[in-house]
Amino acid sequence: MAIKIRSLLTSGPVWVPLTTGSSVRLSPGQTSAELPDVAMAGNAKADQLRQLGVIDVETVVEEPTTAAEPVRARKRPDSAG
């Protein structure tokens with residue numbers, strides 16, 4: 001699964017440390033790119049930021065994959081008039 005982190009601050013940036021050792025910088029109201037959910041697993045600092053209302057973490061819902069519809073050839077309009 002993937003997640004996105006959104007800053008709930010109205011002024012000033014926030015640095016969110018990730019479990020992977022890197023961090024994400026978010027401007028006020030900014031949402032991060034998709035990250036693997038393990039980037040926040042067991043992360044006490046990120047959990048504290050969530051509890052303080054500094055960030056919101058949302059799970060990205062993946063669209064169900066469906067079989068591709070068959071491609072149908074279109075008739076081209078006759079250019080002779």
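The values are calculated or read from the model by the stated rules, or taken from the named source; none is laboratory data. Just so you know, these numbers come straight off a predicted model, no measurement behind them. Cβ coordinates were reconstructed from backbone atoms using ideal geometry, including for glycine residues, and neighbour counts include every protein chain displayed.
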Open item on the list: Quick test of your reading of the structure: residue 38 fulfils all but one of (1) modelled with pLDDT of 95 or more; (2) touching a Ser or Thr at 6+ places or on another chain (Cβ under 8 Å). Name the failing condition by number.
Closed with: (1)
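Which residues, counting only those in region 46-64, are within 12 Å of residue 19 (Cβ to Cβ) and surrounded by 14 or more Cβ atoms within 10 Å (Cβ to Cβ)? Reasoning before the result, please.
Kept after step one, since they are within 12 Å of residue 19 (Cβ to Cβ), are these residues of region 46-64: 46-47.
Within region 46-64, 46 is the sole residue that qualifies.
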TODO: Could you tell me which numbered condition residue 9 fails, if it satisfies all but one of (1) exposed (fewer than 15 other Cβ atoms within 10 Å of the Cβ); (2) at negative phi; (3) in a loop (DSSP other than H, G, I, E, B)?
DONE: (1)
